[in-house]
Structure formats: structure tokens, C-alpha cells
Amino acid sequence: MGEAIVITSGKGGVGKTTTSANVGTALALHGKRVCLVDTDIGLRNLDVVMGLENRIIYDLVDVVEGRCKIHQALVKDKRFDDLLYLLPAAQTSDKSAVKPDQMKKLVDELKQDYDYIVIDCPAGIEQGYKNAVAGADQALVVTTPEVSAVRDADRIIGLLEKEENVEAPKLIINRIRSHMMKNGDMLDVDEITAHLSIDLIGIVADDDEVIKASNHGEPIALNPNSKASVAYRNIARRILGESVPLQPLEEENKSVFSKIKKFFGVK
Amino acid sequence: MKKNQNVTIKGTKDGLTLHLDDSCSYSELKKELDIKLSESSRAGEDRLISVRVQVGNRYLTSVQQEELKELIRQKKNLIVESISSNVITKEEAAKQREENEITSAAKMIRSGQVLEVPGDLLLIGDVNPGGTVLAGGNIFIMGALKGIAHAGCRGNKKAVVVASLMKPSQLRISDCINRAPDKDQHDEKREMECAYIDENEQITVDRLQVLMHLRPNITRLQGGS
């Protein structure tokens with residue numbers, strides 16, 4: 001029996017879809033069977049970020065309305081051998097096409113076959129959010145170090161805490177710019193965690209590579225050389241129960257001189 | 001005299017007190033009150049005299065109270081100051097108890113959430129921006145207040161708000177409203193503070209130690225030293 005993880009944020013544009021794609025990919029890299037579910041009906045784009053758009057035949061609404069079987073709608077990711085699948089959202093209907101109890105039934109069915117179901121939640125707190133949360137066992141809340149995103153995260157955490165079947169939500173702080181945090185121009189990690197008072201499961205630095213990779217339809221988690229990729233892989237390891245220290249935020253000073261100074265213990 | 005009087009008038013230094021017996025029926029009482037007041041009429045005086053009415057262990061509905069007031073007012077220069085009874089309904093008792101109770105809650109009040117209690121509120125946790133706490137009485141917050149707190153929301157002007165970290169977006173006490181300055185003062189420490197309505201009808205924020213002089217009623221401890 002697998003576990004369903006919903007990835008949500010309240011505010012739009014903080015990186016829910018990117019996080020869903022990469023956490024899912026990173027879990028698959030660990031050899032887990034993963035199914036990504038896009039619940040953003042009408043505005044789907046998890047399929048684009050995963051590079052699976054042109055393989056879609058059936059979608060979530062088709063499954064719910066009985067036009068096809070679940071396995072017919074699942075899109076297999078060829079980069080992984082039978083480990084990573086995507087259940088795409090419909091593009092032609094809207095959020096009201098699915099009801100929370102239908103969604104729960106669907107997720108429960110997927111849990112039989114997969115280790116992790118990663119549910120990408122739409123922005124907002126309406127029908128789409130309710131559908132996404134209905135079948136979830138765990139929740140990851142994504143925020144960025146901006147006051148508006150933190151405010152919405154606070155709201156969504158309040159709503160998640162009322163859900164009986166969902167465990168206490170965990171926090172991902174996305175798009176961190178270390179130099180702005182250091183100058184005090186951005187909320188820092190401790191401030192956000194103290195404000196929201198929930199467990200932090202990962203921090204992801206702002207990285208141009210993420211956008212580049214998304215545009216190519218290849219989740220950044222596949223590229224081991226990027227900082228953001230390591231961050232997503234660390235989140236996956238923490239979901240699997242490992243204890244991994246947080247990445248240091250500051251850029252390592254790479255000049256030879258500073259290395260020598262460090263060697264001699266001079267600051 | 002064939003029986004005890006149902007209505008007795010007593011003069012004290014604060015004015016007149018009407019004692020109404022609680023063992024007779026209400027209609028009997030009204031009749032006797034009417035007679036009693038008519039016979040002791042002193043039409044000459046035009047000075048208004050206030051009377052207090054004691055009804056003992058009789059429960060009067062608000063309609064009956066109005067009737068009695070009306071009856072006494074019609075009789076020359078008497079004005080009813082108050083009607084006091086030894087009994088209240090269970091509902092009133094429950095309401096009174098609720099309003100005097102301290103409700104404690106250990107939770108975070110997050111954006112969009114509202115917590116309301118009839119009496120005093122003891123919150124063990126934070127009120128985040130966008131969150132609201134309301135209380136009929138005082139509000140004590142053992143965490144950070146960053147949202148809205150409304151003490152004395154049913155009109156109690158003596159109510160206070162106390163917080164370990166006082167950074168509210170808005171403070172309301174009774175019908176007074178006070179909001180945070182537009183410019184954030186980051187350097188300022190706002191720890192262990194209280195807010196109350198001062199003599200100028202303005203909400204003032206001060207160290208919480210001033211409360212023991214300003215609002216001695218907050219102390220519920222009986223005895224001790």
C-alpha cells in the first residue's frame with residue numbers, strides 16, 4: 001500500500017508543479033514506483049514539465065467518468081523503466097468536473113500499485129484544492145521567501161490541519177536567493193519556519209537551470225550537477241525517512257587563496 | 001392588620017427602597033403596589049425621587065419589569081433606579097459563567113482563521129497575520145500577536161490585550177481601533193506588553209506590569225499575601 005503526497009501552496013507561481021515533477025522524479029531515482037497526478041484540471045502543465053505532453057491519450061476526467069481504465073490513462077516515463085507514471089489532468093473541462101470523493105477513490109486505487117502518489121495541487125483554496133487534498137495522506141507546502149507567499153502558505157496550513165486524513169504538513173522553501181537573505185532583503189529560512197511553525201523538509205535555491213530544464217521537459221532532478229537537483233533529491237531522501245542535513249546556502253568561495261586561508265584556519 | 005404587607009417602603013440615606021414580597025401572586029402585588037403608592041401620595045412636591053426596587057426571590061420577566069416601572073412612574077414623582085432580584089434564569093447564569101470564564105487554547109491562529117470566546121481568552125500559540133482572535137473579556141497571548149485581537153468585543157471598555165510579542169496588524173478594544181504604524185519599526189522590541197483604553201479613549205500599549213495598577217480586577221486570586 002503506497003502513500004499519497006499532495007504538493008500545495010495556496011499562492012500560484014511558487015513552484016508546485018516543478019516541485020511535484022522533481023520530487024516524483026527523485027523518488028523514482030531511488031527505485032520507488034511513483035505516480036504523478038496532475039489535479040490542475042483546465043490548466044494542466046505537469047505533463048509539459050515532465051516532457052510527456054504528446055503522449056497523452058486519456059486523462060483524469062476520462063478515468064473519473066468511466067471512459068477508460070486507470071492504466072490506459074497513465075503515461076509512462078521512458079527514462080525510467082516502469083517506475084514513473086503520470087496521470088495527466090484534462091485540459092478541456094474545469095475543476096468542477098471531479099468531486100473529492102471520486103478523487104479519493106482514484107487515489108486509493110493507485111495506492112495499490114505504487115509506492116508514492118505525488119499529487120500536484122492547483123493554486124487557490126477552492127474546488128481544485130479540495131479535490132487534490134481528498135485522497136492525500138501527507139502534504140508538502142511550498143512557499144518562497146516572500147511575504148505574500150508565506151501568508152498564503154499560512155492559510156493553506158490552517159486548512160490542511162483541519163483535514164483528518166492528512167498528516168501534519170511539511171514545508172519546502174523554494175527559490176532561495178542566498179545573497180538577498182544574507183542582506184536581510186528577503187525573509188530568512190529560520191524566520192519563515194518559526195512563523196509557520198511546521199517542520200521544514202527542504203530548501204531549494206533559486207537556480208536558472210531549473211527553468212531551462214523545465215522548458216526542455218526534463219526535470220532538473222535528473223541532472224546531478226545542479227544545486228537545485230541535489231535539494232530535490234534530499235527532499236526525496238527525507239520523505240523516505242533518511243535524515244539529511246540542509247544544504248549550506250552560501251556559495252563556496254572557490255579561489256585558491258581562500259582555500260589556503262581556510263586550510264590554515266585564517267578567516 | 002390581617003396579614004403581612006406585601007409592599008413596604010423604606011427610606012434610606014440614598015433614597016427610597018421598595019421591598020416587594022415574593023410569596024404573593026404577581027397580580028396581587030401589582031394591585032397592592034398601586035394602592036400603597038396612591039395613598040402615600042404627596043402631590044405637593046415636584047422633586048423627583050429615585051427608588052430602588054427589591055423583589056426578593058421573585059423572577060420578573062422583562063415585560064413584568066417594564067410594567068412595574070411604568071406603574072411606579074405613573075404615581076407622581078418616583079423614578080425607578082433599579083430592580084434587583086435574588087434569582088436569575090439558568091440561561092442568564094450560564095451566560096454569566098461563560099463571560100467570567102478563562103478559555104484556554106493551545107493552537108496557532110493562522111491566516112483566515114477566527115477564534116472567538118465569550119469570556120477571557122488564554123492562547124498558547126501565535127496569532128499570524130490575517131488571523132483574528134475575539135473575546136468578550138481580556139485576551140492573553142503567550143506567543144506572538146501578529147494578526148488582529150479584539151478584546152471586550154461586546155462592549156467591555158475595561159478589557160485588555162496582553163501578548164508576549166506585541167506586533168498586531170490591528171488592535172481593537174470594545175469599539176476603539178488602533179492599527180500598526182505603516183512603517184515597520186524593526187529594531188523595536190515589543191515583548192511582554194499590554195494594550196488598554198486610557199483616559200483619552202485611546203488604545204495605549206505599555207509594559208504589562210502597569211496592568212496591576214490600571215486593572216486590579218484582573219486579579220482573581222483570593223487571599224494570600
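In table form, for the structure just shown:
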| read-out | value |
| --- | --- |
| From the options B:Gly130, B:Gly136, residue that is within 14 Å of another protein chain (Cβ to nearest Cβ) and touching a helix residue (DSSP H, G or I) at 6+ places or on another chain (Cβ under 7 Å) | B:Gly130 |
| Neighbours by Cβ (under 9 Å, 6+ apart or cross-chain): first from region A:164-188, loosely packed, with under 15 Cβ neighbours inside 10 Å; second of a type outside the set (A, V, I, L, M) and outside any loop (DSSP other than H, G, I, E, B) | A:Asn165/A:Lys104; A:Glu167/A:Gln138; A:Ala168/A:Gln138; A:Ala168/A:Glu161; A:Ala168/A:Asp199; A:Asp185/A:His179 |
| Strands (runs of 3 or more DSSP E) enclosed by region A:1-116 - at least 3 residues per element that are over 14 Å from the mean Cα position of the chain (by Cα) | A:84-87 |
| Flag for A:Ile203 being within 14 Å of chain B (Cβ to nearest Cβ) and touching a strand residue (DSSP E or B) at 6+ places or on another chain (Cβ under 8 Å) | no |
| Residues within region B:92-118 that are touching a Gly at 6+ places or on another chain (Cβ under 9 Å) and polar (S, T, N, Q), tallied | 4 |
| Filter result for the condition that a residue is modelled with pLDDT of 95 or more and touching a helix residue (DSSP H, G or I) at 6+ places or on another chain (Cβ under 9 Å), over A:Lys212, A:Lys170, A:Lys227 | A:Lys170 |
| Subset tally (residues that are over 28 Å from A:Ala4 (Cβ atoms) and touching a residue at least 40 places away in the same chain (Cβ under 8 Å)) for region A:210-253 | 4 |
| Residue check, A:Glu126 at pLDDT below 95, within 14 Å of chain B (Cβ to nearest Cβ), farther than 15 Å from A:Cys35 by Cα and surrounded by fewer than 18 Cβ atoms within 10 Å (Cβ to Cβ) | yes |
| Which listed residue is in a helix (DSSP H, G or I) and more than 30 Å from B:Met108 (Cα to Cα), from A:His179, A:His195 | A:His179 |
| Output for region B:107-117, where each listed residue is within 14 Å of another protein chain (Cβ to nearest Cβ) and not in a loop (DSSP other than H, G, I, E, B) | B:Ile109, B:Val114, B:Leu115 |
| Filter result for the condition that a residue is closer than 20 Å to B:Leu214 by Cα, more than 14 Å from chain A (Cβ to nearest Cβ), touching a residue at least 12 places away in the same chain (Cβ under 8 Å) and charged (D, E, K, R), over B:Lys95, B:Lys157, B:Lys69, B:Lys75 | B:Lys157 |
| Verdict on A:Ile156 being of a type outside the set (Asp, Glu), closer than 21 Å to B:Gly130 by Cβ and touching a residue at least 24 places away in the same chain (Cβ under 8 Å) | yes |
| Region A:139-148 - residue that is more than 13 Å from every other protein chain (Cβ to nearest Cβ) and in a strand (DSSP E or B) and, of those, nearest to A:Asp207 (Cα to Cα) | A:Val142 |
| So A:Ala132, is it away from every other protein chain (no Cβ under 14 Å), surrounded by 24 or more Cβ atoms within 10 Å (Cβ to Cβ), in a loop (DSSP other than H, G, I, E, B) and of a type in the set (Gly, Ala, Ser) | no |
| Within region A:149-179, considering residues that are away from chain B (no Cβ under 11 Å) and small (Gly, Ala, Ser), the one nearest to A:Gly15 (Cα to Cα) | A:Ala149 |
| Output for region B:77-106, where each listed residue is among the acidic types (Asp, Glu), surrounded by 12 or more Cβ atoms within 10 Å (Cβ to Cβ) and not in a loop (DSSP other than H, G, I, E, B) | B:Glu81, B:Glu98, B:Glu99 |
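To keep it simple, each residue is scored yes or no on (1) in contact (Cβ under 8 Å) with a residue 24 or more places away in the chain; (2) in contact with a Gly (Cβ under 9 Å, 6 or more places away or on another chain); (3) under 24 Å from A:Lys130 (Cβ atoms); (4) not small (Gly, Ala, Ser).
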site	(1), (2), (3), (4)
A:Leu27	yes, no, no, yes
A:Met50	yes, yes, no, yes
A:Tyr58	no, no, yes, yes
A:Val63	yes, no, yes, yes
A:Pro88	yes, no, yes, yes
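The values are calculated or read from the model by the stated rules, or taken from the named source; none is laboratory data. Given the structure is predicted, the values throughout are model-derived calculations rather than measurements. Ideal geometry is used to build each Cβ from the backbone, glycine not excepted, and the neighbour counts take in all protein chains shown.
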